[in-house]
Amino acid sequence: MRVSFGPAELVAGFCHSDERDPFPVWQDGRVGPCFNQLVLGALPHATMAVFSACYLGMARRDLLQTTPPRGWTLRQVATLLAALLFVADAVLAILLRRADLYPDLLADGCAALAWLVHFGAVTALQRSTFRRTRGPPLLLPLVLLSVPNLVVTLVAYGDHRGHPDPARPLEFARFVLASARTLPLLVYLLAFAFPCVSDAGYTLQINAADGSPLLPESARPDTGEMVGEDGSGCVSRLFYLWLTPLLLRGQRGELDGPADVYHLPRKLRTAVVCRYFHQCWEARRRGAAASSGRDQWPRPVSGNLLSGTWSSHDQEDPLELEGDVGLLGVLHAAFGLRYYALGVLKVAVSMLSFTGPLLLSSLVNFMEDEGAPIGWGARCALGLFAATLLSSLLQNVFSFEVSKVALSARAALVSAVYGKALQVSGCSLAGTALGEVVNLMSTDVDRVVNFFGSFHELWSMPLRFAVTLYLLHLQVGVAFLGGLGVALLLVPLNKVLASRILSNNRHMLGHKDSRVKLMTEVLFGIRVIKFYNWEPHFVQKVADCRKQELSHLKAIKYLDAMCVYTWAALPVVISILTFVTYVLLGHQLTAAKVFTTLALVGMLIVPLNSFPWVLNGILEAKVSLERIQRFFKLKNQDLPAYYALVSPEDSETSILLSQGSFSWQGPDGLNPNKEGEAAAAKGGLQLHGLTLRVAKGSLVVVVGKVGCGKSSLLAALTGELNRLSGVVYVAGREAGFGLASQEPWIQHASVRDNILFGRDYDPAFYQAVVEACALKDDLDVLPNGDGTEVGENGVTLSGGQKARLALARAAYMDKDIYLLDDPLAAVDADVAEHLMKKCIVELLGGKTRILCTHRVELAGEADVVVLVDNGTIVKTGTPAEILPLVEAMPKKRKNDPNMKEKDGEEEEEEEPDPCVEDDPDPSGAELKQMGGLSWRVYQTYWVAVGGMLAGAILTSLLLMQASKNGSDWWLSHWVSELKNNGTNGSSPGSFSSPHLLLFSPGGLMCPLSSLQTLPSSNVSSDVEFYLTVYGSVAATNTVFTALRAFLFAYGAVCAAKAIHDRLLDRVLKAKVSFFDTTPMGRILNRFSSDLYAVDDSLPFTLNILLANAVGLLGMLVVISYGLPWVLALLLPLALVYYRTQHFYRHTSRELKRLCSVTLSPVYSHFSETLTGLGTIRASGHAARFQEELARRLEQNQRCLFLSNAAMQWLSIRLQLIGVAVVTGLGALAVVQHRYGAVDPGLVGLSLSYALSITDLLSGLIFSFTQTEMQLVSVERTEEYATVLPTEPQNHSAQLPPAWPERGGLEFRDVVLAYRGGLPNALDGVSLAVRPGEKVGVVGRTGSGKSTLFLALFRMVELNQGQILLDGLDVSTVGLAQLRSRLAIIPQDPFLFSGTVGENLDPCGRHSDRQLLDVVAQCHLGPVVERMGGLDAEVGDRGKSFSVGQRQLLCLARALLTEAKVLCIDEATASVDQKTDKLLQRTIREKFQDRTVLTIAHRINTVMDCDRVLVMHAGKVAEFDTPAALYPNEPLHPPPAGR
């Protein structure tokens, strides 16, 4: 006789059981002894041993001299006792020599070993930092794992082996030992629950992150010092236990700032990632050369990279991001290997998704078969448990690892884009708007990063699709092709929809770009807009952009709705078509077929529908990658090639130009951009034939009229221009230049940080610089001295203060060569003289200085004067030779007591950020909202959608769900009917619902033929009836689905429109003080990213949330109807769900807010860098700025990384709860089969529902959290739309249309302070100006000159007193009425991008003829003509014009107004003397019968006035004629006609 030794025989021999059922789970009405010993005994103890072993290596803390708490000692005793009891039991089992000896021995051996290892773990923990705690929470479940085995053993002794008989001593002894095992278990549990600590400072908090001590409240571990994930064990990583301290902190509401979150793991640190990316870039650039020496590029994990510290000296030369290096190839080299390896996980997860349905089908078959052995069912339930658990863990690991790769790529790309911006040449950049480059960093990088999520889906979807089709073929043969045909026909439709959505999206983003660009300009020029009362015009301009944007958004939303609808309708169409084909082929349709086919069709739909989206994501990434690639292909500054390397013969030459020709255009003369901005830049000016030699240590003054190329000459020296021919030599250019540009670039930092500019603080030198730049008095006035925060672009400083601060920064750099571009323009004569003498001549004496200026009177100090005209050097010589050629040189006047004016024109002496006065944190950092979202936010969105509409959406949702559940119920009813009519031999338990793959007994197990053996009585008519009803219910379902989809799309667009309009309206009506104290980036953030969330992301997540919520509701109704006892299982799980999500949401919300708050500084640093690029590069500080970006980016990446980790923390817990539900249901089904209690049809339906309930619940929490995160954007826009202080909007109906007719002005006892707690800026000012009088206003900084204008225009409201204009109190007049009747030429020339004509007359009230006239009167005729007339583009913020030309354009605006009162805030500071004289004459002639108030810096301006007002400390010091105030000055003859 041949003995076969298969697995079954081996198991039967080991367990001493029957070969037909070798491993009985259930035997004689109880759990089988072999199953008990192996699965309930040996397996849990083995698990306990493995996990306990992890704690054996805990670090000892020898400092802890105190005795350990008694709880630990008790636990040691209990573990040792348990081990001894198991050893004794093993000895007795050997002595007894029973037939089933082996399982007992294996179980006892495992248990004894496990308890001994656990004893070791307890001892190690007791000596570690855990001694004052209960220890890691994992210990408790490990011990509890052995309880089921103990219970089953005791029951078996009491039941099966007869009552223990003392007559059989060995048997009885084993029973006693088994009972005794309860004692150590109870002792252990008691010691865990009550650690018996007498010490009051003891805390019971469990903190299992990394074995850090559980200290009293005061000394909790500081999460800001910890590193995420690194150093955590395997279990900690799988279940994210390392996040616990952070989550606890979040729950306590203590996550206040980015400093409170973990540091990034070393591999993800920005420095490490960028360094590696740079090496890959270099390797690609060298191409073949590098591939031979491949070893030199370390893997990202290699030791030398992980130090995580790199400073500027570490990277000797910054990466040259230029040339034809494919960005995709570099990304591939840097992150490819890690990323593709994750594909293996994806395959495993995809395959595991099919095991669930297959096992369930097997389980249902088992339930049908009355006589099936219980082992079959138990195997199915166990398999189900293993498959779902494994699938959950792998899916989780996959998602988290992909997010880590994406995070690394983001860091690399953002810093590469920034690095490129620092290197790209000035002429290449001239063609790119600032907004476009910032967009590269935000939108485009994000899209490329999203690619990492889509790529693995791209190949795994077709794979899943193919497997599903194969299973369908097994089910219904070739009939599935009919339905599949329709599905495939829909794919091109989906593709068309997707491409339409994509193109609309592209257009929408284009309009969004232009809207944000327009908003940027509006915010930059908000003062001018308010002065000129242009708000309605700009609101209209923004509204037009927004309208375009919304038209595309609407298209996107409706196309989206179309997709949703086809998705919902498809399963029904496919299944009905498949059934019809099947019947026409002559087969008999059975309920089994119906169910299984429906389940498979459901699995087909997902890949079909998501595929176009995945494809879209990949195409978007491709477009963005190309945009970034184009940016990388721009030409870099090539300084070594730009400057001549040969030095001149004499060592005394500092700068040498020889026959140099330079241009703002690219080398090929082609315009690098599409808008023609660069061609128009500087009015198309080219520098040609420049020859100049500057000796070391000399002072060279460059003079010439407006727009002649002085600034361009300096740009040519710093390398910002394109050298066409000739030689440029600069001695020691590597050290950089000290550059003070014409438009002072000020950083958003404190005054001291602006001056130090990254250098060390040297008190003596610092004081010298402050004194020389006349900043001492200003610093005394500022609330925190030089610690006062300066707003973005220096908004809180006056023009003169900005110019002097920029000069001080240049002086403190201590360079050898100084390029000073008219720093004297914005200051008055006295201060100019002080700066010239103290700073430029004395402090910087011995340095090489090139100074461009219009203040010819100060050029006498120069060694050489250079006269520039029309882009070339006309003449070089001594001051005596050149200055007579420059017209109208006013004589210097001696100081005069009334004119002790330091800096004429502070725009507004207001102090910066309101938070400075009372807030120790001066940065005015954005305040993060704390705690949960208030119901106000939900209510706001509801109202924005519209109450009626929102109600309609909810109703259609409920009807949709009801009809869906109805169709499912109808199917189960059909099953039962067929069963009761006896038409179907198979039991309906296997056909439960379209959601599940519950295969018929034939399904996948046997060939199709076996299923065609049914009697064909009247089934066909039955089938027809049931199909018709099912079809009609399903059809109503699709109707409601369509209704809900389109209504929702419409509602989302309505809400987007309403929210934007309210925000825009409120922001433009806000008081000026708001703009001075709020960084522009913060306001722009509301208009860009927050509004994008409201437009696009919020409706998307909200839609999913509502669908999930209603789906859950329907499901609970069906389950409680079909299987009420499932609720007993669901209630405790519901509690766990609630606790988990509640714990998670606190931290998740705070992390999301921190992500937003840390993202703004990255963008604002980027835009600040682009604005000050010239200064940063000229002074050689590019590397420091790159480091600053890395620091800010690192903070943002920390928050993002933890936000992702927290999401996975929740995900794994929800999936484990899902695993518990599935396993529990499987077990219940098996138990039920045992007692045959319930109709399998109902069980099938309920089982299928309960299985998808876990997905729904996790979907619900995720969509809820996501929606809440997106609603933060509504909260932020709402904050601005409701709480911003606005200007009064009243309107005076009785105002005469011609007011003011004469222009008489009177101030009566006017008192004004900018904010409570600040000194009065105007303190009891009383004065009267006669109609038509010309008044000059002088006084030093802070004397209140500009404040007079602000008070008159009601930019700031008076505290007391009144201002009368033609006898009418201006506070009774509407703001719009008042400002439209006054005219002002503000100090900062502000132009917005558009044509010259639009800038002069945005509202289009004047003819072109009039516009050309005023242009000619302002001496801009030739320039405008050369650029192309009134339709010429002025460029981004007017960069096609020089600063002087911009001031002239602003003057032209004022000439157009018919106002009776004109205020001039020293508008000709950047204009040469000759033009200034002509302008003064123009103003006198044009405004001879109007009242003119001029804040003056130049003495000749004041001498032209009828009277001069001298202000001092907010009071009127003197008010008299120039002759009376300045008796020594020659008066100018009064103009004709006065």
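Some points to look at:
- Residue selected from segment 266-296 under the condition part of a loop (DSSP other than H, G, I, E, B) and surrounded by fewer than 16 Cβ atoms within 10 Å (Cβ to Cβ), by the criterion modelled with the highest pLDDT: Gly287
- Any hit, segment 1423-1432, residues being more than 29 Å from Trp664 (Cβ to Cβ) and touching a residue at least 12 places away in the same chain (Cβ under 8 Å): no
- Lone qualifier among Gln939, Gln961 - being buried (at least 16 other Cβ atoms within 10 Å of the Cβ), under 30 Å from Tyr1144 (Cβ atoms) and at pLDDT 75 or above: Gln961
- Considering His473, His507, His552, His511, the condition of being open to solvent by 20 Å² or more (accessible area, probe 1.4 Å) and over 31 Å from the mean Cα position of the chain (by Cα) is satisfied by His473 alone.
- Residue that is least open to solvent (accessible area, probe 1.4 Å) [pool: residues in segment 481-492 that are at pLDDT below 85 and of a type in the set (A, V, I, L, M, F, W, C)]: Ala487
- Scanning segment 708-752 for residues that are more than 28 Å from Leu634 (Cα to Cα), touching a helix residue (DSSP H, G or I) at 6+ places or on another chain (Cβ under 9 Å) and not β-branched (Val, Ile, Thr) yields His748, Ser750, Arg752.
- One residue stands out in segment 219-251 among those that are at pLDDT below 80 and in a helix (DSSP H, G or I): the one that is farthest from Gln395 (Cα to Cα), namely Ala219.
- Number of residues in segment 1374-1411 that are free of Cβ contacts under 8 Å to residues at least 60 places away in the same chain, in contact with an Asp or Glu (Cβ under 8 Å, 6 or more places away or on another chain) and of a type in the set (A, V, I, L, M) equals 2.
- Considering only residues in segment 747-770 that are within 21 Å of Phe1166 (Cβ to Cβ) and part of a helix (DSSP H, G or I), the one that is most open to solvent (accessible area, probe 1.4 Å) turns out to be Asp753.
- The single condition from (1) modelled with pLDDT of 85 or more; (2) touching a helix residue (DSSP H, G or I) at 6+ places or on another chain (Cβ under 8 Å); (3) open to solvent by 30 Å² or more (accessible area, probe 1.4 Å) that Lys1071 fails is (2).
- Residues of segment 1382-1403 that are open to solvent by less than 60 Å² (accessible area, probe 1.4 Å) and of a type outside the set (A, V, I, L, M, F, W, C): Pro1386, Gln1387, Pro1389, Ser1393, Gly1394, Thr1395, Gly1397, Asn1399, Asp1401, Pro1402.
- Lone qualifier among Gln1270, Gln1195, Gln1266, Gln1232 - being modelled with pLDDT of 90 or more and polar (S, T, N, Q): Gln1195
- Gly1122 meets each of the listed conditions (1) over 26 Å from Ile746 (Cα atoms); (2) at pLDDT 85 or above apart from (2).
- Of all residues in segment 843-890, those that are charged (D, E, K, R), over 51 Å from the mean Cα position of the chain (by Cα) and open to solvent by less than 40 Å² (accessible area, probe 1.4 Å) total 1.
- Between Ala387, Ala381, the distinction of being surrounded by 21 or more Cβ atoms within 10 Å (Cβ to Cβ), touching a Leu at 6+ places or on another chain (Cβ under 8 Å) and not aromatic (Phe, Trp, Tyr) belongs to Ala381 only.
- Scanning segment 1430-1452 for residues that are touching an Asp or Glu at 6+ places or on another chain (Cβ under 8 Å) and assigned to a helix (DSSP H, G or I) returns Leu1430, Asp1436, Arg1437, Val1443, Gly1444.
- Residues within segment 741-799 that are under 25 Å from Val1443 (Cα atoms) and without any contact (Cβ under 8 Å) to a residue 24 or more places away in the chain, tallied: 0
- For segment 1428-1448, the set of residues classified as surrounded by fewer than 21 Cβ atoms within 10 Å (Cβ to Cβ) and within 25 Å of Arg1481 (Cβ to Cβ) consists of Leu1430 only.
- When the helices (runs of 4 or more DSSP H) confined to segment 632-738 are screened for residues that are surrounded by 15 or more Cβ atoms within 10 Å (Cβ to Cβ) and modelled with pLDDT of 85 or more, those reaching at least 2 such residues are found at 710-718.
- Of all residues in segment 687-725, those satisfying the criterion of being among the small types (Gly, Ala, Ser) and more than 26 Å from Val886 (Cβ to Cβ) are Gly719, Ser725.
- Taking the criterion of being in a helix (DSSP H, G or I), open to solvent by less than 30 Å² (accessible area, probe 1.4 Å) and either of a type in the set (S, T, N, Q) or over 20 Å from Ala83 (Cβ atoms) (or both), the residues of segment 101-134 that qualify are Thr123, Gln126, Thr129, Phe130, Arg131.
- All helices (runs of 4 or more DSSP H) inside segment 1348-1429 with 1 or more residues being among the aliphatic types (A, V, I, L, M) and over 23 Å from Thr1491 (Cβ atoms): 1396-1400, 1408-1417, 1421-1427
- Leading residue by the ranking (nearest to Ala808 (Cα to Cα)) among those in segment 771-786 that are open to solvent by 60 Å² or more (accessible area, probe 1.4 Å) and over 40 Å from the mean Cα position of the chain (by Cα): Glu771
- Flag for Val1414 being buried (at least 21 other Cβ atoms within 10 Å of the Cβ), touching a Leu at 6+ places or on another chain (Cβ under 6 Å) and either hydrophobic (A, V, I, L, M, F, W, C) or in contact (Cβ under 8 Å) with a residue 60 or more places away in the chain (or both): yes
- Segment 416-439, residues that are within 21 Å of the chain's Cα centre (by Cα) and open to solvent by 10 Å² or more (accessible area, probe 1.4 Å): Leu434, Gly435, Glu436, Val438, Asn439
- Hey, Phe452 open to solvent by 10 Å² or more (accessible area, probe 1.4 Å), in a helix (DSSP H, G or I) and within 21 Å of Leu331 (Cβ to Cβ) or not: yes
The values are calculated or read from the model by the stated rules, or taken from the named source; none is laboratory data. On a predicted model such as this, the values are computed, not experimentally measured, just so you know. Glycine gets a Cβ as well: all are built from the backbone with ideal geometry, and neighbour counts include every protein chain shown. SASA here: full protein model, heavy atoms, side chains in, ligands and nucleic acids out. Shrake-Rupley method; radii C 1.70, N 1.55, O 1.52, S 1.80 Å.
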